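See structure below.
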Amino acid sequence: MSNGHRFAADVSDLELADYQRAVRLVLRHPIITAGWPDARALPRVRRFAANLRTDLSEAFGYRLELHGTTARLVRTKDLLDPTQPALTRTGRPFDRQRYAYLALCLAVLGRAGQQITLSELAESVAADAGRIPGLGLDPDRGGDRRAFVDAVGWLEERGALRTADGSSTAWASDPGTGEALYDIARDVVFALFRPSRVLQHVQTVTALLDRSGQDGSTSDNAARRAAAQAARRAVVERPVVYFADVGDPVANHLRGAALAADVHRLTGLRVERRSEGVLLVDTANLSSERFPGTGSVAQAAVLLAVEMADRVIDPDGRRVKRFAPPEPAHRQRELAAQIDAGLPAGSLLRLDGVAEPLRADESDDGQAADSAGRLPFITDSFLRTTTGEILKRYETAFGAGWHADPDKLCRQAVALLARFGAVLPVPGGVLVRPLVGRYRNTVATVKQRPATLF
């Protein structure tokens, strides 16, 4: 029986917490297998499969697919997002080479049998990579071998490849003597690579974004529903959503009370609203990265945020300059251009009678200029100097490596702040966004490292 709520309508109060945990699990891990992210994940999703399919579709426009031992959330994307890269087992973001090897591995596995050795996989990938100018794969080159093993490790973690014998570690050390035999989980392979379009027909990465409603053929009700879904997607996918970064229809839903209630009902998390925007208070590890967080970079980022907030309002210091931020559409165009630069133009196939998709600089994404006006500008020199002062002030809290390279710590801390929407990097420094104001007048406490003799 329905409980009167729009979402989780058939979930009892006793099961609601478990259901919300399942929603958060699927949102954080769009691909779930028998062993990824852990053995308990897939049973949790299957328990509420029917409710999840309905609610994720109605609330966000997502599609949940369950096949065999795999659950896959097919998400609708509104923006290109550079903040969620694939990661190696050591936590390093994939580069272009690793992404290319990963795509080629999936292509080889899609046409392979039930098993494959690591050397056979490497040989097939090398053959395909050799036909791509500037790529190639030579197992005798350490850099190529490590990049290939990182791509294979990513597939191993998610269960697409299951070790039947041997180890990739031995092969990575010496391809001539090491070997590994894998069982191929075909349902996982097909779930990982399910393009919505024939990629040879894609002229630009922006063609893969959702473009429903731009042709003007939708009804008013459908347009309102699409805006509400886009607002909910923004809240659960972005660390912070500024009203100035979205169109008016989405902003109106972000300001409404219904959105906060809906998101809380689905995820169990609270939406915090301020005059500049909203954010989802992540108290349950919905995101893989949190801010404030642990570790030297996260500590430095918080301390930098405190210093920037104090600098902006310091009545005794030099007045901080303010500049209008780049429009969101401009930032998307720049990112799309970087991705499109790697598009293999030689393999594109144009279909007669089919309109060419809009490129990023031709689209009308409905995002207005920043209505909050100009933002405070903090220079690179201030950031570097402040990072040096932080290292001196909390000397034992940071390792010797950071003391030896304070510029690296500064760059990584600023990058973390940018990922969470606290600052906007621009030439010569950063623009301070309203989220930094949360740390104004904060008294920061940094956990000290224990003293050592050596």
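Scanning the range 308-335 for residues that are touching a residue at least 40 places away in the same chain (Cβ under 8 Å), within 24 Å of residue 411 (Cβ to Cβ), in a helix (DSSP H, G or I) and not basic (Lys, Arg) yields a count of 7.
Take the conditions aromatic (Phe, Trp, Tyr) and buried (at least 20 other Cβ atoms within 10 Å of the Cβ) and apply them to residue 94. Does it pass?
Numbers: aromatic (Phe, Trp, Tyr): yes; buried (at least 20 other Cβ atoms within 10 Å of the Cβ): no.
So residue 94 does not fit the description; no.
Filter the range 408-437 down to the residues that are more than 12 Å from residue 297 (Cα to Cα) and in a helix (DSSP H, G or I), then identify the one that is modelled with the lowest pLDDT.
Top of the filtered list is 437.
Being touching a residue at least 60 places away in the same chain (Cβ under 8 Å), surrounded by fewer than 17 Cβ atoms within 10 Å (Cβ to Cβ) and not assigned by TED's automatic domain parsing to the domain that holds residue 122 is not true of residue 229. Among the numbered conditions (1) modelled with pLDDT of 90 or more; (2) within 21 Å of the chain's Cα centre (by Cα); (3) within 29 Å of residue 410 (Cβ to Cβ); (4) assigned to a helix (DSSP H, G or I), the only one that residue 305 does not meet is (2). Residue-level analysis places residue 176 outside the set of residues that are touching a helix residue (DSSP H, G or I) at 6+ places or on another chain (Cβ under 6 Å) and without any contact (Cβ under 8 Å) to a residue 12 or more places away in the chain. When residues in the range 348-403 are screened for being modelled with pLDDT under 90, surrounded by 13 or more Cβ atoms within 10 Å (Cβ to Cβ) and touching an Asp or Glu at 6+ places or on another chain (Cβ under 9 Å), 10 of them pass.
Cβ-Cβ contacts under 9 Å between residues 6 or more apart (or on different chains), taken from a first residue in the range 393-418 that is over 22 Å from residue 82 (Cβ atoms) and free of Cβ contacts under 8 Å to residues at least 60 places away in the same chain to a second residue that is surrounded by 19 or more Cβ atoms within 10 Å (Cβ to Cβ) and of a type in the set (Asp, Glu), are absent.
Can you say whether residue 74 is surrounded by 20 or more Cβ atoms within 10 Å (Cβ to Cβ), farther than 16 Å from residue 153 by Cα and of a type in the set (Val, Ile, Thr), as far as the supplied structure shows? Give the derivation first.
On the way: surrounded by 20 or more Cβ atoms within 10 Å (Cβ to Cβ): no; farther than 16 Å from residue 153 by Cα: yes; of a type in the set (Val, Ile, Thr): yes.
Judged against the criteria, residue 74 is not a match.
Would you call residue 89 within 30 Å of residue 133 (Cβ to Cβ), touching a residue at least 12 places away in the same chain (Cβ under 8 Å) and part of a loop (DSSP other than H, G, I, E, B)? Spell out the reasoning first.
Numbers: within 30 Å of residue 133 (Cβ to Cβ): yes; touching a residue at least 12 places away in the same chain (Cβ under 8 Å): yes; part of a loop (DSSP other than H, G, I, E, B): yes.
Yes, satisfied.
All conditions in (1) at pLDDT below 90; (2) part of a helix (DSSP H, G or I); (3) over 19 Å from the mean Cα position of the chain (by Cα) hold for residue 217, with the sole exception of (2). When you scan the range 266-275, do you find a residue that is touching a residue at least 24 places away in the same chain (Cβ under 8 Å), in a helix (DSSP H, G or I) and either closer than 30 Å to residue 5 by Cβ or in contact with a Pro (Cβ under 6 Å, 6 or more places away or on another chain) (or both), even just one? There is at least one residue in the range 266-275 that is touching a residue at least 24 places away in the same chain (Cβ under 8 Å), in a helix (DSSP H, G or I) and either closer than 30 Å to residue 5 by Cβ or in contact with a Pro (Cβ under 6 Å, 6 or more places away or on another chain) (or both).
Of all the criteria given as (1) over 17 Å from residue 116 (Cβ atoms); (2) at pLDDT 85 or above, the one not satisfied by residue 185 is (1).
Scanning the range 52-107 for residues that are over 18 Å from the mean Cα position of the chain (by Cα) and β-branched (Val, Ile, Thr) turns up 54, 69, 70.
Considering the range 123-171 alone, what residues qualify as being surrounded by fewer than 17 Cβ atoms within 10 Å (Cβ to Cβ) and of a type in the set (Ser, Thr, Tyr)? Hits for the range 123-171 are 163, 167, 169.
The values are calculated or read from the model by the stated rules, or taken from the named source; none is laboratory data. These numbers come from a predicted model, not from an experiment. Quick reminder, even Gly has a Cβ in these numbers, built from the backbone with ideal geometry, and neighbours come from all protein chains shown.
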